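The values are calculated or read from the model by the stated rules, or taken from the named source; none is laboratory data. None of the values given here were measured: they were computed from a predicted structure. Glycine gets a Cβ as well: all are built from the backbone with ideal geometry, and neighbour counts include every protein chain shown. Surface accessibility is based on the protein's heavy atoms, side chains included, excluding ligands, DNA and RNA. Shrake-Rupley method; radii C 1.70, N 1.55, O 1.52, S 1.80 Å.
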Amino acid sequence: MAEAARALDIIDARPAFTQADADALNARFEGVGTLDMLKSVFAEGLAGNVAVVSSFGTESAVLLHLVAEADKSVPVIFVDTLKMFAETLAYRDTLIDAFGFTDSRTVTPIADVIAKKDETGLRWSYDPDGCCDIRKVEPLKRAKDGLDAWISGRKAFQSVTRQNLPRFEVEDGRLKINPLGDWTKDDLEAYFAEHALPRHPLEAQGYLSIGCEPCTSKVLPGEDPRAGRWRGWDKVECGIHSPVTPIPVVDPEDPANMPVF
C-alpha cells in the first residue's frame, strides 16, 4: 500500500487585504449610505474578522449606534490607558448597555511595562509620544491581533491631518474602515438629535475631543475641535492613526520583480 503523501505545513504570510481590495470596496460603496454599507460589510463577511475600536469620546455614540444597528455582535474594543476620565469610563458602560452590544472588550497597558517605563505615572508630562506608545498604541496592537479589519471613528473635518479620508484603507495588511470619514459636524449633530443619543458628560463643559485626562483640555471658541489634545505640544495624534504606506500589489510579470540570475 502506497504511503500517503505527508501534508506540508505552510504559513500563509500574505496580508489579509491589499490596497486593491480597499480600492474595490471604495468603488463598490461610493454613494451608498453608511448604515447600508455596514450592513453589507457584516452580512457578506467582506471585512473578515472585524471589530470596532472606540475611544468613547464626544462623537463616539454615532458610530457605535450605526454599528449596533447593523450587527450588535460586532466586538467593541476600548483601550483603557489607566489615565482616562472617570466620566469616559461611565459613558462607555452607558453606550454599551444602551445599544445592546454583546461583545465589549477592554484592553489595558502591560503592568510590567508601566512599572519600568512610567513608574511615576508622569511620562505624559515630558514625553507624551512615549506615554501614548506604552499606554495606547501597544495595547491596541495586541487587541487587534487576530483581526482582519477594524473600524475607526475618524472624520475628515476633525483636523487637517485627517483630510481626504477614504472609507476603506489598508494598514499593515489589515483593512481599516472609516464609515464616518466624509461626515460633517452638522451630520453628526443631526444624527444625535434624530436618535436621541446620550452625550459624553464632559462635552457641555467645553471638552470637544477627549482622550486621557492629563493631556485633554477645553477647546476655546473658533479653535480646531482637537486643539484641546496635547495642548502646548507639537503633537496631534496618539499614534494609532499615524499615516501608513499602502502595501503594494506585486506584479510577478514586472521585470523589476524578476530574479537576477
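General observations
- Residue match in the range 52-63 (condition: among the β-branched types (Val, Ile, Thr), part of a helix (DSSP H, G or I), out of contact with any Pro (no Cβ under 7 Å at 6 or more places or on another chain) and closer than 25 Å to VAL79 by Cα): yes
- Residue in the range 85-130 that is nearest to the chain's Cα centre (by Cα), counting only those that are assigned to a helix (DSSP H, G or I) and polar (S, T, N, Q): THR88
- In the condition set (1) within 30 Å of LEU175 (Cβ to Cβ); (2) open to solvent by 20 Å² or more (accessible area, probe 1.4 Å), PRO128 is compliant with all but (2).
- With respect to (1) crowded, with 19+ Cβ neighbours inside 10 Å; (2) out of contact with any Asp or Glu (no Cβ under 7 Å at 6 or more places or on another chain); (3) of a type in the set (A, V, I, L, M), the lone exception for ALA47 is condition (2).
- Residues that are closer than 21 Å to ARG229 by Cα, without any contact (Cβ under 8 Å) to a residue 24 or more places away in the chain and of a type in the set (D, E, K, R) within the range 100-141 comprise ASP118, ARG123, ASP127, listed in sequence order.
- Of the residues making up the range 182-195, at least one is among the hydroxyl-bearing types (Ser, Thr, Tyr) and modelled with pLDDT of 95 or more.
- Matching option when the condition is assigned to a loop (DSSP other than H, G, I, E, B), closer than 24 Å to THR34 by Cβ and either within 18 Å of the chain's Cα centre (by Cα) or acidic (Asp, Glu) (or both), among LEU165, LEU197, LEU140: LEU165
- Only listed residue being in a loop (DSSP other than H, G, I, E, B), within 20 Å of TYR207 (Cα to Cα) and either touching a helix residue (DSSP H, G or I) at 6+ places or on another chain (Cβ under 6 Å) or open to solvent by 50 Å² or more (accessible area, probe 1.4 Å) (or both), chosen from GLY153, GLY146: GLY153
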